[in-house]
Amino acid sequence: MKKLLHLLLAGGLILISLIGCRQAGEGPRAWMDEPLDESVFPMQRITLQAHASDADGVTNIIFQVGDEIIRAISTGGGRMEKAIIEWMPPGAGKYTLLALAVDGSGNRGMPAASTITITGQTADALPAAPFAVEEEPEEEIQEESEEEEEDQIQVSEDLPPSALPWQDINCRGGPSTSYEIITYLRKDIPAEITGRLPDSSWLVVLHPESGASCWVSAGIVDVSGDLGSVSIAQAPPLPEQPPAEEPEGEEPPGPPPEEDTSPPVITAVSVSPQTIYQSGCSGEAQTLILTVEAIDIGGISSVEAAWAVSGEIGQSVMNYVGANRYQVTIGPFSKTGTLNIYGSVIDGAANWTPFNITAEVTCCIC
């Protein structure tokens, strides 16, 4: 038994030197659940749904169309979070939708992308009512519709882009927490946006009461309006900090203890069975067991998994079953398709290693 344990530890150290694993601080990993890549829709509101995972916790999930932010959603700060919004395309064409996440340390991860096509057609109208309705003359209806559209366009043009805080937040002298706090923005009170960084991660706003100009992070506010119309602002220089004075008569502190930066080593990931049937298929397997085997010299804190199939999603913390193995039962599912399973193994020092595997959910009679 000791010989086997030594072999596993030696193999783990070799794998650590050969594979590049995501470390805490690199930013969360995001997945776009809906819409699926290469989907085609008529002109209608589109549901955007995304998942994100990070050992430092996921505090925000940001949806974008290309470089333009649609909306930033505040999440619960857990290691796995999700967000859902609705988006109305401005017109027919091809759009690349992005979802990226921000962790508890303010790090941004790589975005997940889904490219969709919007046709010039509109969604099917509701069926006509079974009783007669007196209709207005077509010319009058058209004139009223045009007047309403003009009014809406005029209102949209008159309103400058604004930032709406989700809670009371700090407003600083520059685009970083290294700058001093100038004032505060109150929850649910919008502030006009007058400038931004090139990547729109920090915004210059006008305090709604005092009129003071200050900076806020785009990850903790809801942005309305077209940020493309806002000019790029230059970050002010950081104030110089006086050097810290060492107390007289005291010896300098010794070197800090070595930090555990080695992530867990995953030795096996499997699902059984590889194919299951959708719910309602009597006599057929409708659930599967996900098994993850992993080792870590400092000990494993938790193993978490999430899954998605055709927009149907779920997540869970896996249970330790002995012999370095963790398991969870997944299913049943009402939809069919490729079941994408992804998750992470986290050690006691918050180092983590991701994993992913797929299975199939099929119908009874196809």
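Quick look at the numbers
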| read-out | value |
| --- | --- |
| Residue that is farthest from residue 52 (Cα to Cα) [pool: residues in the stretch 281-298 that are small (Gly, Ala, Ser) and at pLDDT 85 or above] | 285 |
| Within the stretch 272-298, tally of residues that are under 28 Å from the mean Cα position of the chain (by Cα) and on the phi > 0 side of the Ramachandran plot | 0 |
| Strands (runs of 3 or more DSSP E) completely within the stretch 26-101 that count 1 or more residues being outside the structural domain of residue 305 (by TED's automatic domain parsing) and among the acidic types (Asp, Glu) | 29-34, 68-74, 80-87 |
| Residue list for the stretch 305-335, filter: closer than 20 Å to residue 54 by Cα and of a type in the set (Gly, Ala, Ser) | 305, 306, 308, 314, 316 |
| Odd one out for residue 353 among (1) touching a Cys at 6+ places or on another chain (Cβ under 9 Å); (2) within 25 Å of residue 28 (Cβ to Cβ); (3) in a loop (DSSP other than H, G, I, E, B) | (3) |
| The stretch 184-199, subset of a type outside the set (D, E, K, R) and exposed (fewer than 15 other Cβ atoms within 10 Å of the Cβ), residue nearest to residue 161 (Cα to Cα) | 189 |
| Long-range neighbours under 8 Å by Cβ, at least six apart or interchain, first residue more than 14 Å from residue 73 (Cβ to Cβ) within the stretch 86-110, second buried (at least 18 other Cβ atoms within 10 Å of the Cβ) and among the basic types (Lys, Arg) | 109/29; 110/29 |
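The values are calculated or read from the model by the stated rules, or taken from the named source; none is laboratory data. Quick caveat: nothing in here was measured; it's all calculated off a predicted structure. Cβ sites come from the backbone with ideal geometry, for glycine too, and all protein chains shown count toward neighbours.
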